[in-house]
Amino acid sequence: MTFQELLLKHKSSILGDWVKAIVETYPAETARFLRQSKDQFANPVGAAIKTETEHIFDQLVSGGAERQELDKFLDRIIRIRAVQDFTPALALGFIYDLKRAVRRRLEKDLKQQGLEEELLKFEETVDNLMLQGFAIYVSCREQIYDLKAMEMRNLYAKVLERSGIFTVVPDQETLEPLSETDEQNKA
Amino acid sequence: MANPTPKPEQIAAVDHKPPAADWMDTKPEFKPGMFLYAVRKESLEGVGQPNPRDWNPTDADWKLPADWKGIVREGIKERLQRFRSFQIFMDICVRCGACADKCHFFIGSGDPKNMPVLRAELLRSIYRGEFKVAGKILGKLAGGRKLTEEVIKEWFYYYFQCTECRRCSVYCPYGIDTAEITIMAREILNLLGCQIDWVGTPVNNCFHTGNHLGLKPHTYKENVEYLLDDIEEYSGVRINPSFNRKGAELLFITPSGDVFADPGIFTFMGYLMLFDHIGLDYTWSTYASEGGNFGFFTSHEMMKRLNAKMYAEAKRLGVKWILGGECGHMWRVITQYMDTMNGPADFLEVPVSPITGTRFQNSASTKMVHISEFTADLIHNNKLKLDPSRNDHLRVTFHDSCNPARGMGMLEEPRYILNNVCNNFFEMPPQTIRENTFCCGGGAGLNAGENMEMRFRGGLPRMNAVQYVKDRHGVNMLACVCAVDRAVFPAHLEYWVPGVKNCGVTELVANALVMDGEIPRQYNLRGEEVNDLREEVDLPPIQWPEEEEGGEPSEEGGE
């Protein structure tokens, strides 16, 4: 049996472990809710974790993982965790939990069949996944800062502009040099 | 010196699980982005609120007044006596958990103290510990705890993470309105001067100038005039509304946010065009220049003080009744409190539409009609010249704002209007609309700038449903009837569902209105070229008459 076949054989238990690990990064009462509630609208966080971990797993197992596709799936989980009460490390730590799940479920088989090398390769892929996740996390946080600025601008810029307090500065090239009188007034 | 680098087995032993601790032993951490700023001293002084001071939620010492415990105990006691509902809500909860997973803040944050039952328990545990014999003696065993400064900090953190949207109360088998518990907790916090700035400062502004933004009469009027210039530019129609005109038939009151904040201004322009289109005899007031009422998020007394201007201004101007704009909590205050609080408004008449003759029996007591009720009636009686195809580039869904939906029961009128002013309307899933609607995450004073991450958590369930209709039906516009929604959604949508914009219902009405004397409507109220917007959704361009007259070769097959 190849490494890929092993992954597929144990897909549901690996995913089960992975989802459990992610859900348990939340307080116990919340973890219970995230696991139990099946409605994707009543429980969008639980639904995203369940759906996207499977998408990610399928992509990795397929062999020809598409970076853009992986970005999309990772984004749906990380975008949520980027605004929740997690440190950056805890927000992204769930990606490494996939390694643990795979190791736990496949360790025995891999040893028996001498496929440890394959495991190392797979773990390298997960390491790369973490780097992808890191980029997504940072872009989410940057977006929040941008949006804070945008909101301020939308709220006040127009009224300040209209009342003459705030001016949109034209491009430097189109600015007229100050005349002598202006210079004198300024002095 | 020992090597600080952890060994591999130590790294492998790192547990991602949060430590298991009882909720009473878990304290909130005030992190940037997750809490609201304290009210400035001057704002409390301006309206004579207790204990004004300079303080900061991240400080260890909140400078509470010397007798703060006595103030809180007395505050709870007084409210238990005054409000029968509060006493009942403190006593009857059996902690069945039906409300637990219904809060948008719990769903989005995953913080158990945002479960409505647990949020209420923050106050209930003090009620038990300080007022009930069992709780006083047995403490934690009987669900009671002692009043400490840590409790006040926890209240401030969590009662300002509740938008008082009342979704949880829809599911409570006992009918407990958890929003009312938040209202009481905030009143008590307010006795200590522990208010947030985004409520306290608008309250002070509103009391002195008539609106939350503190716009003085001339500024208010000037802002409206800028909008009139824009209407003229895009539609060719010059409108001349009146301000503070005595003898007008109606007074129109709407939230002040819409007079200058994007995208609310486009809804405001919509009102101006709609009223001009039907030749309504109405006036604006630069004193009753705010429909919203942040006093509602402060105390019952403050709500009453701020709301009094509506009837006072209607009386001064001698109007027959009041028409109100698109706002959320404004309508909860009007529908549930105003009549007994500021009424009876016996100097006003039962509202009758001067255009259709329809008598608004539902407003017989308050004498105030919602713009969507008014507009739906106009459409129903064929009083509006509408061309819904002008909104064909939009694929619209509707967000039921919590207060109009759950506070006044207005569910059908906005939908009726939308179905008449645009051709592509799609509902979000049933468990997320009408009385089950998910809050925007910014109500009850939470739409400040400093707490954006917290707001994003609260907005997640609503945005998740928007994402669904975007994926399924290509929805690109989220319509609503609330000024706070309009201000909250742009950032939410950008973060959660890029590609979808938001607007007020009346903005879409005005874009579809065929105005007398209009020029070809090449631009919408936002100043965007309609053909550019059509191109984005693969619709053929409209051939404007001017281009044809100018001898431009018109392409075959165009509209």
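Where a number appears in this text, it was derived from the coordinates with a stated rule and is not lab data. Keep in mind it's a predicted model, so treat the numbers as computed, not measured. For neighbour counting, all protein chains shown are included, and Cβ atoms are generated from backbone atoms with ideal geometry for every residue, glycine included.
The B:LYS41 and B:LYS136 beta-carbon pair, evaluated with R₀ = 30 Å, returns a calculated FRET efficiency of approximately 0.25.
Say a paramagnetic label sat at a point 7 Å from the Cα of B:GLU232, along Cα to Cβ; which residues of segment B:241-259 have their backbone N under 19 Å from it? The answer is B:241-243.
In segment A:3-147, Rg over Rh equals 0.98, where Rg is the alpha-carbon radius of gyration and Rh the Kirkwood radius from pairwise Cα distances.
Given q = 0.12, 0.17 Å⁻¹, what are the Debye log10 I(q)/I(0) values for segment B:287-382, with equal point scatterers placed on the Cα positions and solvent ignored? At q = 0.12, 0.17 Å⁻¹ the computed log10 ratios are -0.37, -0.72. Taking only the Cα atoms of segment A:1-45, the radius of gyration and Dmax are 13.7, 41 Å. Normalised by 2.2 N^0.38 Å, where N counts its residues, the alpha-carbon radius of gyration of segment B:388-536 equals 1.04.
Once backbone amide H atoms are built at 1.01 Å from N, B:ASN502 has B:LEU478 as its partners under 5 Å, excluding neighbours fewer than 5 places away on the same chain. Here the Kirkwood formula puts the hydrodynamic radius of segment B:138-232 at 16.9 Å, using every distinct Cα pair. What is the protein assembly as shown by shape, rounded, prolate or oblate, if you read a ≥ b ≥ c off the alpha carbon gyration tensor as root eigenvalues and call it rounded for a/c under 1.5, prolate for a/b larger than b/c, and oblate otherwise? Verdict is oblate for the protein assembly as shown.
Take the Cα of B:ALA20, step 7 Å toward its Cβ, do the same at B:GLU225, and the gap between the two points is 7.0 nm. Each label was represented as a point 7 Å from its Cα along the Cα-to-Cβ direction; for B:PHE83 and A:MET1 these points are 6.2 nm apart.
Kindly identify segment A:60-121 as rounded, prolate or oblate by the Cα gyration tensor criterion: order the square roots of the eigenvalues as a ≥ b ≥ c, call it rounded if a/c is under 1.5, otherwise compare a/b with b/c, prolate if a/b is larger, else oblate. Verdict is oblate for segment A:60-121.
Sparsely packed loop sites in segment B:239-308 (the trypsin sites (Lys or Arg not before Pro) outside DSSP H, G, I, E and B with at most 11 other Cβ atoms within 10 Å) comprise B:LYS246. Residues B:GLU29, B:GLU121, B:GLU494, B:GLU535, arranged from fewest to most other Cβ atoms within 10 angstrom of their Cβ, appear as B:GLU29, B:GLU535, B:GLU494, B:GLU121. Taking other Cβ atoms within 10 Å as a rough exposure proxy, B:CYS422, A:CYS140, B:CYS165 sort from fewest to most as A:CYS140, B:CYS422, B:CYS165. For segment B:322-429, the list of GluC sites (Glu not before Pro) that fall in a loop by DSSP and count at most 16 other C-beta atoms within 10 angstrom reads B:GLU349, B:GLU412, B:GLU427. At q = 0.05, 0.10 Å⁻¹ the log10 of I(q)/I(0) for chain B amounts to -0.23, -0.85, computed by Debye summation with a single uniform scatterer per C-alpha, solvent ignored. The angle between the Cα long axis of helix B:116-131 and the longest principal axis of the Cα atoms of chain B comes to about 40 degrees, rounded to the nearest 10.
A straight Cα-to-Cα reach below 16 Å connects B:LYS132 with the aspartates and glutamates B:GLU74, B:GLU78, B:ASP91, B:GLU121, residues fewer than 8 places away in its own chain not being considered.
Of the residues B:LEU539, B:LEU123, the one with the fewest other Cβ atoms within 10 Å heads the list, and the complete ranking is B:LEU539, B:LEU123. Please work out the FRET efficiency for the pair B:ASP54 and B:LYS216, using the Cβ-Cβ distance as r and a Förster radius of 30 Å; give the result to the nearest 0.05. E between B:ASP54 and B:LYS216, to the nearest 0.05, is 0.65. A simple rule links phi to the HN-Hα coupling: the Karplus curve 6.51 cos²θ - 1.76 cosθ + 1.60 with θ = phi - 60°, which for segment B:391-405 gives 9, 5, 6, 9, 10, 9, 10, 10, 9, 6, 6, 3, 6, x, 6 Hz, with x for Gly and Pro.
Compared with the alpha-carbon gap, the fully stretched path from B:GLU150 to B:ASP61 is longer by 31.0 nm at 0.36 nm per residue.
Segment A:ALA28..A:SER139, full-extension length gain: 37.0 nm, with 0.36 nm per residue of separation and the alpha-carbon distance subtracted.
Inverting the pair-averaged 1/r between distinct Cα atoms of segment B:201-380 gives 16.3 Å as its Kirkwood hydrodynamic radius. Put simply, the C-alpha atoms of segment B:25-195 give a gyration tensor, and the ellipsoid matching it has half-axes of 25, 20, 16 Å, longest first. Note on A:MET150/A:MET130: beta-carbon distance plugged into 1/(1 + (r/R0)^6) with R0 of 25 Å gives a FRET efficiency of 0.25.
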